[in-house]
Amino acid sequence: MSKPKNWPATLPYLKAPLYGKDISPSHIQFLRTKPPNESSAIDQVPIAPASSPATETPCPRVKIQAITDRNHPAYGQFGLFAAQNIAPGELILAYLGRLHGRATTSEESDYDLWLDREMDVAVDAAGEGNEGRFVNDYRGIEGKERANARFGNVFCERWGEVCVGVWAVGGGKAKDDGKKKMKKKSEGGIKKGEEILVSYGKGFWEERRKDGDGDGDGGGEKWASRGY
Ligand SMILES: C[S@@+](CC[C@H](N)C(=O)[O-])C[C@H]1O[C@@H](n2cnc3c(N)ncnc32)[C@H](O)[C@@H]1O
């Protein structure tokens, strides 16, 4: 199987990061610099080994499903669901798309995340991507009070470069965007069949609704479109 089930027929499916025209040699050098294995620094980018299922394409950990529940705020769209139990703190999958800089940001994209704002590299999955582009936000979904996943960079040995990853929250290893203390080490994890939900952050929704969402938390700084 070369594409995941329910992948849109007209959208290219990526099996590796794609470089936009404005990705320069210094971007590439930054992307391909492997973090030291032994460092325990808090901002250390974790390493996913080449054999990690999280970087397989299609990814066996997830499935793309149509949202058929009329009460779901993304009714009529797609969402990303766990195809197996996912442990707290585990890397679920890489978020693949077209790598680009600020100059080629599409203001309209709802799929554009900063990989590294300082280095001016973002990843836009609007025009092509992988299953990661189908992760919805937890807000407004019945019974969901918080995200069970988060965006965070990871060095993927499969491609030899830094990517944005989608991680299960919890596990006590990863920092939660530095904004919230991790709760109990045992907390988190995603059960097979459960929807994988991140927090897009308050900024994402404010930009769309301009009425103040109020319950936002971290994550908004990840979006590269619409002037964040
Ligand atoms: C990155 S895409 C997520 C995948 C999208 N559902 C799809 O089928 O392509 C972001 C878009 O999904 C929708 N979305 C995600 N979470 C949502 C939520 N909690 N409430 C309403 N819309 C949501 C919005 O249209 C948003 O612009």
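Report the trypsin sites (Lys or Arg not before Pro) located in the range 1-50 that are in a DSSP loop and have at most 12 other Cβ atoms inside 10 Å of their Cβ, or state none. Spell out each step's value before the answer.
Values: sites: 5, 15, 21, 32; in loops: 5, 15, 21, 32.
Here the trypsin sites (Lys or Arg not before Pro) that fit, given the DSSP loop and packing criteria, are 5, 21, 32.
Taking 73, 88, 58 as the candidate residues, the one with maximal mean-square fluctuation in a Gaussian network model of the chain, Cα springs under 10 Å, is 73. Taking the chain as a Gaussian network of alpha-carbon nodes connected by springs under 10 Å, the highest mean-square fluctuation of the residues 161, 118, 194 belongs to 118. Taking 20, 140, 201 in turn, the Gaussian network model of the chain (Cα-Cα springs below 10 Å) assigns the largest fluctuation to 140.
With every protein chain left in place, what is the accessible area per residue of the chain in square angstrom, probe 1.4 Å? If you can, show how the numbers build up before the last one.
On the way: 11490 Å² over 228 residues.
Counting only protein heavy atoms, the per-residue value for the chain is 50 Å².
Cα centroids of the range 91-116 and the range 2-56: 12 Å apart. Split the accessible area of the chain by element, probe 1.4 Å, and carbon with sulfur accounts for 50%.
Here's the picture: charge each Lys and Arg Cβ at +1 and each Asp and Glu Cβ at -1 in the chain, and of 105, 62, 36 the one pushed furthest to the positive end of that dipole is 62.
In a reduced charge model with +1 at each Lys and Arg Cβ and -1 at each Asp and Glu Cβ, the range 52-103 shows a dipole moment near 200 debye about its Cα centre.
Two numbers describe the Cα atoms of the chain: Rg and Dmax, which are 16.6, 48 Å.
Ordering 144-153, 47-56 by mean Cβ neighbour count within 10 Å, with the highest value first, yields 144-153, 47-56.
Assigning unit charges at the beta carbon (Lys, Arg +1; Asp, Glu -1) and nothing else, what dipole magnitude in debye, to the nearest 20, does the chain show about its Cα centre?
On the way: 34 positive and 33 negative charges, 119 e Å.
Around 580 debye, computed over the chain.
The values are calculated or read from the model by the stated rules, or taken from the named source; none is laboratory data. As the structure is a prediction and not an experimental result, all values here were calculated from the model. Cβ: placed from backbone, ideal geometry, glycine included. Neighbour counts: every protein chain shown. All accessible areas refer to the heavy atoms of the entire protein, side chains included, with ligands and DNA or RNA removed. Shrake-Rupley method; radii C 1.70, N 1.55, O 1.52, S 1.80 Å.
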